[in-house]
Each structure stands twice: as C-alpha cells, then as structure tokens.
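Report on the structure given below.
What follows draws every value from the coordinates through simple rules; no lab data is involved. This is a predicted model, so every value here is computed, not measured. Here the Cβ is made from the backbone with ideal geometry for all residues, glycine too, and neighbour counts use every protein chain on show.
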Amino acid sequence: MKIKTTLTMLTLALAGTFTTAAANAETHEQTDREKPIALVIHGGAGTITRANLSEEQEAAYHAKLEQALQAGYAVLEQGGSSTDAVISAIQVMEDSPLFNAGKGAVYTWDGEHELDASIMDGATGNAGAVAGVKTVKSPIELARTIMDKSVHVMLSGDGAAQFAQQQGLAEVDNSYFDTDHRYQQLIDAKETIRKSEQPEQQAWRYLDLDYKYGTVGAVALDQSGNLSAGTSTGGMTAKRYGRIGDSPIIGAGTWADNNSCGVSATGHGEYFIRYHVAADICARVKYQNQTVEEAGDAVIHGVLEQAGGTGGVIIMDAQGHIATPFNTEGMYRGYIRNGKVHTAIYKDED
Ligand code: ASP
C-alpha cells in the first residue's frame with residue numbers, strides 16, 4: 001500500500017514536468033538506483049504571482065535556484081555529505097540579494113538585519129542553530145559550526161557572534177545585508193501597520209495578506225543514504241528587535257531524520273513554531289507510515305491552514321521522494337534528481 005501511495009505521490013510531484021507514464025518510469029529509475037542522491041531547495045513562499053514578477057525577475061529566480069541546485073548536487077556527486085550539500089546550496093542563495101537570507105535579508109522595525117539559521121543531520125540527530133546575529137556573513141555556516149564545534153545546539157545574539165569570531169567565520173558590517181527593495185518593503189510594512197489603526201497584533205494580520213517570505217532552505221540525500229536539512233533567513237519584515245522565528249527552531253523550521261524525512265520551512269514563523277511543523281510532518285511519515293506528500297499536505301493544507309498560518313515546506317525521505325506543499329500563491333522551489341533539474345515558482349506549476 002505504501003508503494004502504491006508512493007507511486008501516486010511521485011506522479012503528482014512530477015506532474016507538469018513529465019507525463020504520468022514518464023513520471024512512473026522516473027519513479028522506478030529513482031527507487032531502483034542503489035544509492036539515489038537528490039537535493040530539494042526553496043527560496044521562500046508568499047504572495048508570488050505572475051502579476052507581481054516581471055519576466056526578467058522570473059528568469060533571475062530560476063537561474064539562481066538552478067545555480068544553488070547545481071552547487072549542492074556537485075557535492076553529492078563527488079561523494080560529499082548531505083550536510084555539505086545543504087550548506088553549498090544555501091550559501092548560493094545567502095549570497096544573492098533575491099532572497100531573504102544573508103545579502104538581501106529583510107529589515108527589522110528598527111532598520112537593522114537580524115539573521116537566523118539552523119541545520120540538522122538526519123544520520124546522527126545532531127543539530128546547530130543560530131538566532132539574531134547581525135554581523136555573520138553566512139548564518140548557515142555558523143549553524144553548522146555550532147553543530148560541529150560546540151557542545152550546544154543553539155546560540156543567539158552577541159554570544160553567537162563571539163563564537164563565530166573565535167571560529168574564524170567571515171564577519172561583515174550589518175549594512176552588507178542592505179538592499180533597496182527590502183528597505184522599501186519595510187517602509188510599506190510600517191505604513192500598512194500604521195494605517196490599520198489596530199493594535200500591533202491585529203495589524204500583523206493585514207501585513208500577512210501580502211507577504212512574500214523569502215527564507216531559503218535545502219534538504220539533501222547523499223550517497224551514504226543520509227539526509228540533512230537546513231534553513232537560513234532574515235526573518236520577517238518589520239519584526240521586533242529580538243524576535244526569533246521558526247527557521248532556527250529545530251522541529252519547527254528544520255528537521256532531519258534518516259528514518260522519516262528532512263524538512264525545511266518558509267512562512268509565518270509564529271505558526272510554524274506553535275505547530276512544530278517540520279517535526280510533525282516527519283512524525284506522520286515515521287509513525288503513521290504516510291508518504292512525504294500525504295504528511296506534507298495534512299500539515300500545510302490541514303493543520304496550518306486551519307490555524308490561519310501561511311507558508312510551505314520542502315520535504316524529502318531517505319529514498320529520495322520529494323514533496324513541496326505550500327498554501328500561498330507561490331513558492332520559489334526546485335529539485336535535482338538523477339541529474340535532472342526542475343525549478344518552479346507559481347502554484348499551477350506542479
Ligand atoms: N519563516 C520565517 C520567519 O518567520 C520567514 C520566512 O519564511 O521568510 O522568520
């Protein structure tokens with residue numbers, strides 16, 4: 001039964017790229033391979049529609065997603081670990097102003113950038129996370145360094161920055177993360193909140209209607225059959241000083257377990273924390289024998305939607321089955337498997 005639902009899931013996941021017959025052939029090729037390797041990424045979810053993006057912007061997103069996929073996949077092909085592949089893919093997106101991570105991160109209400117990231121190794125259950133750093137060039141690298149070189153799982157603020165310095169990680173001025181379009185988003189968000197004449201908590205609901213999240217994430221499966229997942233973000237535009245979202249919370253924004261799946265999330269973080277979205281999806285795979293698509297749909301279109309939470313996830317299990325559910329207009333996303341790259345932006349694309 002699980003085989004049947006898995007086939008259905010892959011057929012659905014690949015619809016739009018392949019015919020049904022071709023998708024099933026792809027399924028067999030995938031599951032028959034002795035050591036499948038694969039990588040799935042996202043660059044954020046939200047109100048992303050064709051009306052909102054020019055052709056040039058569309059092309060730029062596709063190109064950058066593909067570059068990130070190729071960077072991570074090269075690591076996997078050379079026999080590198082899933083953790084190294086996740087880092088490589090995410091760093092391409094952190095370095096790009098297109099995404100809300102690293103360069104191009106959103107602004108806090110006070111006009112600064114505070115970055116969060118996390119990574120989890122599905123073979124060992126080890127994890128590293130960082131919250132609220134302002135001067136670390138690659139937050140995902142710091143999360144990995146915390147996982148590998150400290151006795152802790154999560155560091156925040158000044159203590160995290162100090163640890164990064166001690167470990168020799170690249171440091172930048174906070175203004176390195178500046179971009180004009182994110183600054184404009186801050187101005188617009190403040191305007192929306194002010195105009196709503198509601199207390200802050202209510203005002204955020206108005207903001208949510210037109211929100212483009214933009215966090216980045218990756219899940220990789222390496223030649224040893226190990227999964228890793230990672231997420232990096234600037235958080236949410238106009239967030240309060242000190243606010244921490246789901247991205248650095250293990251179980252909320254990131255999760256990986258070889259016995260179930262790997263997940264990276266993007267969306268309104270407060271909901272992803274409250275419903276421990278990433279871990280919930282993998283728990284359904286592990287304990288209820290659900291496919292990644294069934295589990296992802298149940299949480300993103302069921303639990304999260306009912307609660308009023310918006311966003312999406314990328315999911316992959318240890319056989320390389322992939323699902324990318326989201327309940328927003330769009331989600332920048334892509335995967336590479338058997339050397340074939342697929343990238344997508346809008347709801348109707350797969
Ligand atoms: N989930 C992130 C946060 O709440 C935002 C995003 O996905 O862009 O911090």
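Listing for the model above:
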quantity	calculated
Qualifying position, being surrounded by 21 or more Cβ atoms within 10 Å (Cβ to Cβ) and out of contact with any Lys or Arg (no Cβ under 6 Å at 6 or more places or on another chain), among Ala283, Ala298, Ala256	Ala256
Residue check, Gly235 within 16 Å of the ligand (Cβ to nearest atom) and in a loop (DSSP other than H, G, I, E, B)	yes
Selection within the range 314-328 - more than 16 Å from Leu221 (Cβ to Cβ) and crowded, with 20+ Cβ neighbours inside 10 Å	Pro325, Phe326, Thr328
Answer from Gly122, Gly159, Gly104, Gly168 - the residue that is among the small types (Gly, Ala, Ser) and within 16 Å of the ligand (Cβ to nearest atom)	Gly104
Close pairs from the range 310-336: first touching a residue at least 60 places away in the same chain (Cβ under 8 Å) and more than 21 Å from Asn226 (Cβ to Cβ), partner surrounded by fewer than 23 Cβ atoms within 10 Å (Cβ to Cβ) and small (Gly, Ala, Ser), Cβ under 6 Å, at least 6 apart	Arg333/Ala344
Spans of strands (runs of 3 or more DSSP E) in the range 92-157 with at least 1 residues among the hydroxyl-bearing types (Ser, Thr, Tyr)	115-121, 154-156
The range 267-313, residues that are away from the ligand (no atom under 16 Å from the Cβ) and not in a helix (DSSP H, G or I)	Gln288, Asn289, Gln290, Thr291
Given (1) under 16 Å from the mean Cα position of the chain (by Cα); (2) over 14 Å from Arg333 (Cα atoms), index of the condition Asn126 fails	(1)
Tabulated pairs, the range 131-155, first under 19 Å from Met93 (Cα atoms) and in contact (Cβ under 8 Å) with a residue 24 or more places away in the chain, second surrounded by fewer than 23 Cβ atoms within 10 Å (Cβ to Cβ) and among the acidic types (Asp, Glu), C-beta under 7 angstrom, 6+ apart or interchain	Lys134/Glu112; Thr135/Glu171; Thr135/Asp173; Val136/Glu171; Lys137/Glu171
In the range 238-261, the residues that are among the hydroxyl-bearing types (Ser, Thr, Tyr) and within 16 Å of the ligand (Cβ to nearest atom)	Tyr241, Ser247, Thr254
Pairs where the first residue, in the range 224-244, is under 10 Å from Tyr107 (Cα atoms) and among the polar types (S, T, N, Q) and the second is within 9 Å of the ligand (Cβ to nearest atom) and in a loop (DSSP other than H, G, I, E, B), C-beta under 9 Å, 6+ apart	Thr237/Asn100; Thr237/Val106; Thr237/Tyr211
